[in-house]
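The values are calculated or read from the model by the stated rules, or taken from the named source; none is laboratory data. Since this is a predicted model, take the numbers as computed values, not measurements. Here the Cβ is made from the backbone with ideal geometry for all residues, glycine too, and neighbour counts use every protein chain on show. Please note that ligands, DNA and RNA were not included when accessible areas were found on the heavy atoms of the full protein model with its side chains. Shrake-Rupley method; radii C 1.70, N 1.55, O 1.52, S 1.80 Å.
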Number of protein chains: 2
Amino acid sequence: MEKSTRIGWIGTGVMGRSMCGHVLAAGFPVSVFTRTRSKAKELLDGGAVWKKSPYEVAKGSDIVFSIVSLPSDVEDVYLSEHGVLAGLSEGGTVVDMTTSSPKLAVKIYDEAKKKSCFALDAPVSGGDVGAKNASLAIMTGGDRKVFDRVLPLFETMGKAITYMGKAGSGQHTKMVNQIHIATTMIGTIECLLYAYRSGLDPSEAIRAIGSGAAGSWSINNYGPRIVNGDFEPGFFIDHFIKDMGIALEEAKRMSLSLPGLSLAHEFYIAAKAQGLGKRGTQALYLVFERMNGIER
Amino acid sequence: MEKSTRIGWIGTGVMGRSMCGHVLAAGFPVSVFTRTRSKAKELLDGGAVWKKSPYEVAKGSDIVFSIVSLPSDVEDVYLSEHGVLAGLSEGGTVVDMTTSSPKLAVKIYDEAKKKSCFALDAPVSGGDVGAKNASLAIMTGGDRKVFDRVLPLFETMGKAITYMGKAGSGQHTKMVNQIHIATTMIGTIECLLYAYRSGLDPSEAIRAIGSGAAGSWSINNYGPRIVNGDFEPGFFIDHFIKDMGIALEEAKRMSLSLPGLSLAHEFYIAAKAQGLGKRGTQALYLVFERMNGIER
């Protein structure tokens, strides 16, 4: 890819800041917009150029990336009057890396096409650490040839980069990821509660079961944090509720009943109700503790 | 351990047959009882001696192992008139490797103690393949010094051999294992159904998510079998229902509410109702398919 390719970046939260930093470090000219300008300071100090709207970012870019918060933010960034698609020139490419609605990803793809532009949906997994270390998993939907073109930029940010199929497939894959995590977390929490209540040493129990058929990333990574009383994010419960909500909405749209996901979703809503929205997803353990009359 | 130590073995099903075979191959004198004599044929051909009851096995043994089916079978094998504890001499040791009730394990331990005998509960994980390859995980409860004494025999059968604490701790640890597997399997099934319904290639989806934070033994091992329509056991649904039943009963006894485990248990009962009791645990996928109106 030509090092003169002009990159636009929208959204410089914990994730976006690191990801955009990798693109900038790779030597591309980058223009930036984010809601709170101070969050882009480091990037601007590093040579990125400030723009005052998604529209302005798109005006001066060949490829525009975004990683924002909610699907409604994504819609606003791309499809509003001052949005990216209003500003992008023919032949331009947009890449939304927010975990967002597959349906919206298809809508953006269709709208881009009407303007002879290209769109990918490419949500990530791996959290702030993965963003910092450029070791994110990136799950991509859209046209294969567009994916191939953008790949060198993805490679500055991540490691397991997969092309999953037509528009929306990246978001669908991320939903597969979140659906699996949701119930696995319930398993992690319930088995630790059982270990605790039955008088086992929970750390020993994790060691005994974690490498066999009951093993999961969740029990081996969140398990020890739970045992140590570490409920810091990782990944916010608030964000996980958003993701599960998208998955449940899509599932409903496809007439798909997912009782395990629904159960997890309900308990995470309880976690939010108990003031745990800004704690890590493993803090669901506290809800199950309280439910079982266990005092901390 | 003296190679003259006389070993008794009760239960030569798929698991017990291989496990007892390893002890025999290590050069110990072994006497055997099992309900269906033909199932012990290979062991008898290999030099094991047939006994006509658990009592008779115990009479001529220093250490008696068992791996049978239900907790009621365990109770019968150890505590009945013709059972092991009636026949065992002072100083003898019993090791139940059935996945059974922690409460019953404590009862056997107490009864053994009254006779100046020793007892371990040592259920295993790793299935028929693990039993054959001597790579089982063995989770042990009882007295540490008894565990240390039996360890050389465990080492002929398994790899990850852990001492978990007082009597019943082995069974409790196995329950921790099963509780975690139960909900993780729901996650595996639901995320694959979502992948299928959303038009993704499920194999690609497994590859995309299996090595990250959503990874589990279940998605990486059962996932591909489900995608290939392979519902052979592995581990019987009937046996898993038994294990979850024990876990739920123990949890209730300890006043512990485990909604995820309960949900999994209910769906596995549905699987049994649909004639899937002798299929592998991954065949729960078929229940979720039918529930969602998907025809095979």
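At a glance:
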{"quantity": "Cα centroid separation, the range B:157-178 to the range B:247-296 (Å)", "calculated": "24"}
{"quantity": "Carbon and sulfur %, accessible surface of the protein assembly as shown computed with the full protein complex present, 1.4 Å", "calculated": "51"}
{"quantity": "Potential lengthening between B:ASP128 and B:LEU70 on full extension [0.36 nm per residue; Cα-Cα distance subtracted]", "calculated": "19.1 nm"}
{"quantity": "Rotational relation B to A, axis-closest Cβ in chain B, residue and distance rounded to whole Å", "calculated": "B:SER216, 2"}
{"quantity": "GNM flexibility winner over chain A from A:SER18, A:SER211, A:SER66 (Cα, springs under 10 Å)", "calculated": "A:SER211"}
{"quantity": "Drop in accessible area of at least 20 Å² in the complex versus isolated chain, residues of the range A:160-186, 1.4 Å probe", "calculated": "A:THR162, A:MET164, A:HIS172, A:THR173, A:VAL176, A:ASN177, A:ILE179, A:HIS180, A:ILE181, A:THR183, A:THR184"}
{"quantity": "Label distances, nm, A:ARG35 versus same residue in remaining copies, Cβ-directed 7 Å point", "calculated": "6.4"}
{"quantity": "Three-way shape call for the protein assembly as shown based on the alpha-carbon gyration tensor, with the a/c threshold at 1.5", "calculated": "prolate"}
{"quantity": "Residue among A:ALA134, A:ALA119, A:ALA251 with the largest mean-square fluctuation in a Gaussian network model of chain A, springs linking Cα atoms under 10 Å", "calculated": "A:ALA251"}
{"quantity": "Three semi-axes of the equivalent ellipsoid, the range A:7-167, Cα gyration tensor, whole Å, largest first", "calculated": "20, 19, 14"}
{"quantity": "Environment charge at A:SER211 (Cβ cut-off 14 Å; Lys +1, Arg +1, Asp -1, Glu -1)", "calculated": "+1"}
{"quantity": "Rounded to 5, the percent of DSSP beta bridges in the range B:48-167 classed as antiparallel", "calculated": "20"}
{"quantity": "Estimated distance in nm for a label pair at B:ASP201 and B:LYS115, the labels positioned 7 Å out from Cα along Cα-to-Cβ", "calculated": "6.1"}
{"quantity": "Formal net charge of residues neighbouring A:THR93 (Cβ-Cβ distance under 14 Å; K, R +1; D, E -1)", "calculated": "-2"}
{"quantity": "Around B:ALA271: net Lys/Arg minus Asp/Glu count, Cβ-Cβ under 13 Å", "calculated": "+1"}
{"quantity": "Teacher prompt: A:ASP110 distances to equivalent labels in other copies, 7 Å Cα→Cβ, nm", "calculated": "6.9"}
{"quantity": "Difference of contour (0.36 nm per residue) and Cα-Cα distance, A:ASP230 to A:LYS272", "calculated": "13.4 nm"}
{"quantity": "Inter-centroid distance (Cα atoms) of the range B:179-219 relative to the range A:90-111, Å", "calculated": "25"}
{"quantity": "Solvent-accessible area buried by B and A, counting both chains, probe 1.4 angstrom, square angstrom", "calculated": "4700"}
{"quantity": "1.4 Å probe accessible area per residue over chain B, in Å²", "calculated": "39"}
{"quantity": "Reduced Cα scattering model of chain A, Debye log10 I(q)/I(0), q = 0.09, 0.11 Å⁻¹", "calculated": "-0.47, -0.68"}
{"quantity": "Loop sites in the range A:81-120: GluC sites (Glu not before Pro), DSSP, at most 11 other Cβ within 10 Å", "calculated": "A:GLU81, A:GLU90"}
{"quantity": "Within 10 Å of each Cβ in A:131-140, the average number of Cβ atoms from other chains", "calculated": "2"}
{"quantity": "DSSP H segments from chain B that extend 27 Å or more along their own axis, Cα-based, with Kyte-Doolittle mean of -0.5 or above", "calculated": "B:169-197"}
{"quantity": "Mean Cα-pair separation over length for chain A, i.e. relative contact order, pairs under 8 Å, 6 or more apart, %", "calculated": "13"}
{"quantity": "Most fluctuating residue given options B:MET185, B:MET254, B:MET164, as computed from a GNM of chain B linking Cα atoms under 10 Å", "calculated": "B:MET254"}
{"quantity": "Shielded residues, the range B:205-230 - accessible-area loss of 40 Å² or more between chain alone and all protein chains, probe 1.4 Å", "calculated": "B:ALA208, B:ILE209, B:ALA213, B:ALA214, B:TRP217"}
{"quantity": "Antiparallel bridges, percent of DSSP beta bridges restricted to chain B (to nearest 5)", "calculated": "15"}
{"quantity": "List A:SER255, B:SER218, ordered by accessible area with a 1.4 Å probe, largest first", "calculated": "A:SER255, B:SER218"}
{"quantity": "Bins of 10 Å from zero: percent of alpha-carbon pairs in the range B:172-291", "calculated": "14, 46, 32, 9, 1"}
{"quantity": "Shielded by partner chains, the range A:240-272 residues - at least 50 Å² of accessible area, 1.4 Å probe, vs chain alone", "calculated": "A:MET254, A:LEU256, A:PRO259"}
